[in-house]
Amino acid sequence: MALPLHSRLRRDLKNSFNKLLSLLFPTKAKREIIPSGEIHRILVIRINYRIGNILFMTPLLRALEQRFPEADIDVLIGAKYPSSLLSGFATVKNVYDFPRKLLKNPINLFRYIKQLRTPHYDLVVSLNSSSASDKGATFLARSTYKLGFNSPNNWSPSTHVVDFPTVSIHEALKPLYLMQAFGNKPSDYPQILDIALSEYEKEQGLEMLKKRLLEQGYIWGEKNKIIAIFRDARFEKKIDNEWWIEWYKEMKQLNPSAVFIDILSPDVLEKLSNEFYTLMESNLRNLGAMLSQIDAFVCGDTGPMHLASASGVPTIALFKTTSPTLYGTLGINDRSLTLSGFTPQTIALQVSNHIAHKID
């Protein structure tokens, strides 16, 4: 699919800008091992505004936590609302956001830059070598070591780089290759998304879920499977309601005692059927805690799909246009299904079989 004209212009402008800055600020990064004994304070940079891309940081955060258990980690992301997703990591001390509106207010932007340059880190890790925002933040941050991926036209002052993986792998697992800078392999660390919910948070999630369902007339204590769906997604990834209705009819035939929850959002305010219970929650960590207490979560390729997987619920992702290899689910009880060539009924059968045979 050809990119729209404005997207091509923006891409070409960004490439030209990067080429110019790489000439002005050429990087002389090394491929040597970084001395681990000197790492006590770390800044991880991924300035992005989507839930999924923030969750894709969690395998690397877990790896850094295991590799440097005594270190303090700060994280710089885009929007503030997903910051709670990273609060479960014991070593993560601060999660900073970079609001888009800062670019329209030079005074606040200056204050923000001053704040960014105040602390001195032992290590800065930049996850996205193609992001001008990430490069700029890496350029401004003060640190002994700065680690990123090797890329053309790299003007970020990295002291150390590693090469991109040469094979096609999941986007969430690519950052693990940065651990090679400390003499480790990506396979040394868990290959899953994880928001590190505590047992207390899971208990609270169960209480919140009970309260929401009881308010809608559900009789808690019945031995019913609880299956949640989320129907929203960006652009062509969204699955039509007509498809969901046909899928639900078959699911009810295959799972007559199951309870279905429709996860609502600001863009999806009405439930698919009167037979559904509903759940709407703006606090993403609370939503993850509640999802951790259900039996299965079914949705398209979207941020809540990754949140469900990172919360530990068996997650079945339905892909229309994007690649499950790059963006699919990663949990042991997860499954990614491609819709092309399959009817709602055959997908319902696959989902039902997967739920019935999940690993306890």
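Scanning the range 284-325 for residues that are farther than 22 Å from residue 86 by Cα, among the hydroxyl-bearing types (Ser, Thr, Tyr) and either buried (at least 23 other Cβ atoms within 10 Å of the Cβ) or within 16 Å of the chain's Cα centre (by Cα) (or both) yields 322, 323, 325. Taken as a whole, the structure leaves residue 196 outside the set of residues that are of a type in the set (A, V, I, L, M), out of contact with any Asp or Glu (no Cβ under 8 Å at 6 or more places or on another chain) and under 30 Å from residue 28 (Cα atoms).
Only residues that are among the hydroxyl-bearing types (Ser, Thr, Tyr) and over 18 Å from the mean Cα position of the chain (by Cα) were counted in the range 112-129, giving 3.
Is it the case that residue 120 is under 17 Å from residue 39 (Cα atoms) and surrounded by fewer than 13 Cβ atoms within 10 Å (Cβ to Cβ)? Yes, satisfied. For the range 273-288, the set of residues classified as closer than 14 Å to residue 51 by Cα and either in contact with a Pro (Cβ under 8 Å, 6 or more places away or on another chain) or not polar (S, T, N, Q) (or both) consists of 284, 285, 287, 288, listed by residue number. When residue 213 is tested against the conditions (1) buried (at least 17 other Cβ atoms within 10 Å of the Cβ); (2) under 17 Å from residue 300 (Cβ atoms), the lone failure is (2). Scan the range 35-63 for residues that are farther than 25 Å from residue 99 by Cα and either buried (at least 19 other Cβ atoms within 10 Å of the Cβ) or of a type in the set (Asp, Glu) (or both) and the total you get is 4. Within the range 185-209, residues that are closer than 12 Å to residue 287 by Cα have Cβ atoms under 9 Å from residues that are outside any helix (DSSP H, G or I) and aliphatic (A, V, I, L, M) in these pairs: 205/197; 209/226; 209/261; 209/279; 209/294, counting only partners at least 6 apart in sequence or on another chain. Listed by first and then second residue, the pairs linking a residue in the range 72-96 that is over 18 Å from residue 310 (Cβ atoms) to a residue that is among the polar types (S, T, N, Q) and surrounded by fewer than 20 Cβ atoms within 10 Å (Cβ to Cβ), with Cβ atoms under 6 Å apart and 6 or more places separating them unless they lie on different chains, are 74/94.
Here's a check for you: in the range 79-98, which residue that is assigned to a loop (DSSP other than H, G, I, E, B) and under 18 Å from the mean Cα position of the chain (by Cα) is nearest to residue 197 (Cα to Cα)? So, considering only residues that are assigned to a loop (DSSP other than H, G, I, E, B) and under 18 Å from the mean Cα position of the chain (by Cα), the one nearest to residue 197 (Cα to Cα) is 88. Applying the criterion of at least 3 residues that are without any contact (Cβ under 8 Å) to a residue 12 or more places away in the chain to the helices (runs of 4 or more DSSP H) found wholly in the range 277-360 leaves 344-356.
Readers should treat all values here as calculations from the given coordinates under stated rules, not as data from a laboratory. Being a predicted model, the structure only gives us computed values, none of them experimental. Note that we place each Cβ from the backbone using ideal geometry, even for glycine, and neighbour counts take in every protein chain shown.
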